[in-house]
Amino acid sequence: MVLAGGCHCGAIRYEVEGDPLTHALCHCSDCRRHAGAPMVAWTMYPEASLKVTQGVPKVYQSSQHGRRHFCGNCGTGLFYYNEEMLPGIVDIQSATYDAPGAVPARAHIQVAERIQWMESAHELPQYQRFPPQE
Ligand SMILES: [Zn+2]
Ligand SMILES: [Zn+2]
């Protein structure tokens, strides 16, 4: 399986080949703050599976060994590397796939740092678009 993806503005494009090692929804505070979102979905692959086919991501050192690659133009978060914890591995933000539903998520991780209300977020009222105006 080959999946293609990219950032919001289209400056960065990539392809990833093969089956992911896992796909996890991360609730850690580093992911939350870097993304500006309550959680981030990551698919994990051997480093060699990923080819950036267009553009050059910017690299942000988000922790001692953590490196977050993102589009310097539009800000979309794309890849995560950690040579210390995950040598030879790349994590890809699966929401940046052209077909983000292609690989189902398998687990929630780092829930020790989860925002409290996220635990029951699936129970909130749901609307196809927006709530009706009253
Ligand atoms: Zn971009
Ligand atoms: Zn995280």
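The table for this structure:
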{"quantity": "Among 120, 63, 49, residue whose mean-square fluctuation peaks in a GNM of the chain (springs only between Cα atoms under 10 Å)", "calculated": "120"}
{"quantity": "Distance-filtered residues of the stretch 20-49 - backbone nitrogen under 13 Å, label point 7 angstrom along residue 95 Cα→Cβ", "calculated": "25-28, 31-43"}
{"quantity": "Sites residue 134 and residue 30, calculated FRET efficiency, Cβ-Cβ separation with R0 41 Å, nearest 0.05", "calculated": "0.60"}
{"quantity": "Selected from 56, 16, 40 as most flexible by GNM, with the chain as the system and alpha-carbon contacts under 10 Å", "calculated": "56"}
{"quantity": "Surface accessible to a 1.4 Å probe, per residue, for the residues of the stretch 24-74, Å²", "calculated": "55 Å²"}
{"quantity": "Tensor-based shape of the chain (alpha-carbon gyration tensor, a/c under 1.5 rounded, otherwise prolate or oblate)", "calculated": "prolate"}
{"quantity": "Spacing of the two label points (7 Å from each Cα toward its C-beta) at residue 13 and residue 102, in nm", "calculated": "1.3 nm"}
{"quantity": "Tensor-based shape of the stretch 25-101 (alpha-carbon gyration tensor, a/c under 1.5 rounded, otherwise prolate or oblate)", "calculated": "rounded"}
{"quantity": "Where GluC sites (Glu not before Pro) fall in DSSP loop in the stretch 17-93, at most 15 other Cβ within 10 Å", "calculated": "83, 84"}
{"quantity": "Residue range of the chain that is longest and free of trypsin sites (Lys or Arg not before Pro) which are both DSSP loop and sparsely packed (at most 16 other C-beta within 10 Å)", "calculated": "1-105"}
{"quantity": "Neighbourhood charge, 15 Å Cβ-Cβ cut-off, centred on residue 5 and excluding it, Lys, Arg +1 and Asp, Glu -1", "calculated": "-2"}
{"quantity": "The chain - share of DSSP beta bridges that are antiparallel (%, nearest 5)", "calculated": "90 percent"}
{"quantity": "Shape call, the stretch 83-134: gyration tensor on alpha carbons, a/c limit 1.5", "calculated": "oblate"}
{"quantity": "Accessible-area composition of the chain, carbon plus sulfur, in percent [1.4 Å probe]", "calculated": "51 percent"}
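The values are calculated or read from the model by the stated rules, or taken from the named source; none is laboratory data. A quick note: this is a predicted structure, and the numbers were derived from the prediction, not measured. Note that we place each Cβ from the backbone using ideal geometry, even for glycine, and neighbour counts take in every protein chain shown. For accessibility, only protein heavy atoms count, side chains too; no ligands or nucleic acids. Shrake-Rupley method; radii C 1.70, N 1.55, O 1.52, S 1.80 Å.
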